[in-house]
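Trainee: I'd like to ask some things about the structure below.
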Amino acid sequence: MNYMHSNKNIFIQGAISPEHIADSIAKHQSKYDIGAHGIFLGQVRGDNIGERKVAAIQYSSYEDMAMGKIGVVRETIFAKYPLICMHIYHSLGIVKSGEICLFVFTSSAHRKPAIEACEEMVELIKKEIPIWGKEIFEDDTHQWKKNK
Amino acid sequence: MNYMHSNKNIFIQGAISPEHIADSIAKHQSKYDIGAHGIFLGQVRGDNIGERKVAAIQYSSYEDMAMGKIGVVRETIFAKYPLICMHIYHSLGIVKSGEICLFVFTSSAHRKPAIEACEEMVELIKKEIPIWGKEIFEDDTHQWKKNK
Amino acid sequence: MQATIKMFGKLTEITSASSVMIDDVKDTDEVISILQQRYPGLMQLQYIIAVDKEIIHNNTILTDHSIIALLPPYSGG
Amino acid sequence: MQATIKMFGKLTEITSASSVMIDDVKDTDEVISILQQRYPGLMQLQYIIAVDKEIIHNNTILTDHSIIALLPPYSGG
């Protein structure tokens, strides 16, 4: 219980590397009660907006508030699904197009809870956690990202 | 179109390594139209069945038939969701408890198609692809796995 | 017609082989009937039949080189 | 009461700062009113208000050390 309610830092400076993801997966191979992992990765798109092309997104957060909200959201998800564990990482600072900015990782004995909790957690992160993305274009202009 | 209809081999001898997963993710970082990846990983549980504990699962397949069925199932999913790509890997032979035996990886511009296609693909693999798992216990006895 | 029948999963324990040959058979009903005589344990087990990698639901006439497969319930993943 | 108001996202471009101080304010309505005078551009922008990391929906009396934050629509992920 201690673990699941922990408000540990979800933020990573810069992009989330594929090696970080591999390490997270490898750490779960000694947990013999896990039968399924759900993973969601958000990747920065090199969108063309008019004449301009997105080169990177610069993320910022109200970190103190985000930490508390993540704790609340984790509890909601653990209360709803029989999860064995859940890990969440979000980038701060610059993440270039093609790089990964969000990593949600859920594990359970059978597949349904891991898959459903992962999907719901992604929605909650976008809706409840105070994070802002600033799209930096190749010509050094910018606009503030809007979530759909 | 050539690519999505390809009946390329999904089978890997033994466990799927976290490094293999990291490599697959890294290969998608040059695709600037991708904004979301959905990943499902199946991991062999060390279940206790009565007095016995599962040490490994030995997977076998009717490979010729499986290859054709995977092609059909891929087409179904690509017709239904606006995916940018999808990769599927399943182990054959021995996969020890704690190791990964199934890796489904879907990518799209926005999150919904990647998440939904990944979930549906996992269901279709379990239902439509001729693969069998033999649970090997620590005492060298075995039983044939039954999917729920 | 000579038929080759591929066996999978638990069925391989009944036949102690991954494939079985039968001479002079014309259709799948005949194949199953002969297999059940040869391996009575087969009658206890659940399986579907594929001919040339397609699942069949009715008795099917065999042609030269038909590949028959007996498939117990899948348990991949 | 002296209040510290943290600004986030696009709002930092209006204030050219990540936080703003205001002296002698008693509640959040007063804070917003003063900010709108100081930074008229604020009136064009969408945001919600948090006091001590909790989102508020009505005018809220400030206490010593209250931390006010103006939060434009989130765009994480």
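The values are calculated or read from the model by the stated rules, or taken from the named source; none is laboratory data. As the structure is a prediction and not an experimental result, all values here were calculated from the model. Ideal geometry is used to build each Cβ from the backbone, glycine not excepted, and the neighbour counts take in all protein chains shown.
Trainee: Scanning the stretch B:131-148 for residues that are among the basic types (Lys, Arg) and in contact (Cβ under 8 Å) with a residue 60 or more places away in the chain, which turns out nearest to the other protein chains (Cβ to nearest Cβ)?
Mentor: Filtering first and then ranking leaves B:LYS145.
Trainee: Now, a different point. C:SER33 versus (1) at positive phi; (2) loosely packed, with under 14 Cβ neighbours inside 10 Å: which is the lone unmet condition?
Mentor: Result: C:SER33 passes all but (1).
Trainee: Turning to a different aspect of this structure: Going by the structure shown, is D:ALA50 surrounded by 18 or more Cβ atoms within 10 Å (Cβ to Cβ) and outside any helix (DSSP H, G or I)?
Mentor: yes
Trainee: If you go through the stretch A:108-115 one residue at a time, do you hit one that is under 28 Å from D:GLN46 (Cβ atoms) and aliphatic (A, V, I, L, M)?
Mentor: No: the stretch A:108-115 contains no residue that is under 28 Å from D:GLN46 (Cβ atoms) and aliphatic (A, V, I, L, M).
Trainee: Limited to the stretch B:63-103, what total is found for residues that are among the small types (Gly, Ala, Ser) and touching a Cys at 6+ places or on another chain (Cβ under 7 Å)?
Mentor: Residues meeting the conditions: 1.
Yes/no matrix, rows are residues, columns are (1) in contact with a Ser or Thr (Cβ under 6 Å, 6 or more places away or on another chain); (2) under 30 Å from A:ARG111 (Cα atoms); (3) of a type in the set (Gly, Ala, Ser):
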site: C:ILE5; (1), (2), (3): no, no, no
site: C:SER16; (1), (2), (3): no, no, yes
site: C:LYS26; (1), (2), (3): no, no, no
site: C:LEU35; (1), (2), (3): no, no, no
site: C:LYS53; (1), (2), (3): no, yes, no
site: C:SER66; (1), (2), (3): no, no, yes
site: C:LEU71; (1), (2), (3): no, yes, no
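Trainee: Continuing with the same structure: Identify the residue in the stretch A:32-50 that is out of contact with any Lys or Arg (no Cβ under 8 Å at 6 or more places or on another chain) and surrounded by fewer than 19 Cβ atoms within 10 Å (Cβ to Cβ) and, among all such residues, is farthest from A:GLY133 (Cα to Cα).
Mentor: The selected residue is A:GLY50.
Trainee: OK, next. How about the stretch C:53-69: which of its residues are assigned to a loop (DSSP other than H, G, I, E, B), loosely packed, with under 13 Cβ neighbours inside 10 Å and of a type in the set (Val, Ile, Thr)?
Mentor: Once the filter is applied, which keeps residues that are assigned to a loop (DSSP other than H, G, I, E, B), loosely packed, with under 13 Cβ neighbours inside 10 Å and of a type in the set (Val, Ile, Thr), the stretch C:53-69 yields only C:THR63.
Trainee: Continuing with this model, one more query. Inspect all residues belonging to the stretch D:18-27 and state whether any of them is touching a residue at least 12 places away in the same chain (Cβ under 8 Å) and within 14 Å of chain A (Cβ to nearest Cβ).
Mentor: Scanning the stretch D:18-27, I find at least one residue that is touching a residue at least 12 places away in the same chain (Cβ under 8 Å) and within 14 Å of chain A (Cβ to nearest Cβ), so the answer is yes.
Trainee: Something else now. Among the residues of the stretch D:66-77, write down those that are over 14 Å from the mean Cα position of the chain (by Cα) and touching a residue at least 40 places away in the same chain (Cβ under 8 Å).
Mentor: Hit for the stretch D:66-77 is D:SER75, nothing else.
Trainee: Now for a separate question. Only residues that are within 20 Å of the chain's Cα centre (by Cα), surrounded by fewer than 17 Cβ atoms within 10 Å (Cβ to Cβ) and at the interface with chain B (Cβ under 7 Å from one of its Cβ atoms): list them for the stretch A:19-31, please.
Mentor: A:GLU19, A:ALA26
Trainee: Hey, another quick one. Check whether at least one residue in the stretch B:51-59 is modelled with pLDDT of 95 or more, crowded, with 16+ Cβ neighbours inside 10 Å, of a type outside the set (Ser, Thr, Tyr) and in contact with a Pro (Cβ under 9 Å, 6 or more places away or on another chain), and report yes or no.
Mentor: no
Trainee: Still on this structure, please answer the following. I need a count of the residues in the stretch D:1-34 that are over 17 Å from A:TYR59 (Cα atoms) and either out of contact with any Lys or Arg (no Cβ under 9 Å at 6 or more places or on another chain) or part of a strand (DSSP E or B) (or both).
Mentor: So the answer is 22.
Trainee: Quick check: anything in the stretch A:8-16 within 14 Å of chain B (Cβ to nearest Cβ) and either touching a Gly at 6+ places or on another chain (Cβ under 7 Å) or surrounded by fewer than 17 Cβ atoms within 10 Å (Cβ to Cβ) (or both)?
Mentor: Checking the stretch A:8-16: at least one residue is within 14 Å of chain B (Cβ to nearest Cβ) and either touching a Gly at 6+ places or on another chain (Cβ under 7 Å) or surrounded by fewer than 17 Cβ atoms within 10 Å (Cβ to Cβ) (or both).
Trainee: Can I ask one more? Here are some residues: D:THR15, D:THR63. Which one is at pLDDT below 95, more than 11 Å from the chain's Cα centre (by Cα) and over 30 Å from A:GLU119 (Cα atoms)?
Mentor: The conditions single out D:THR63.
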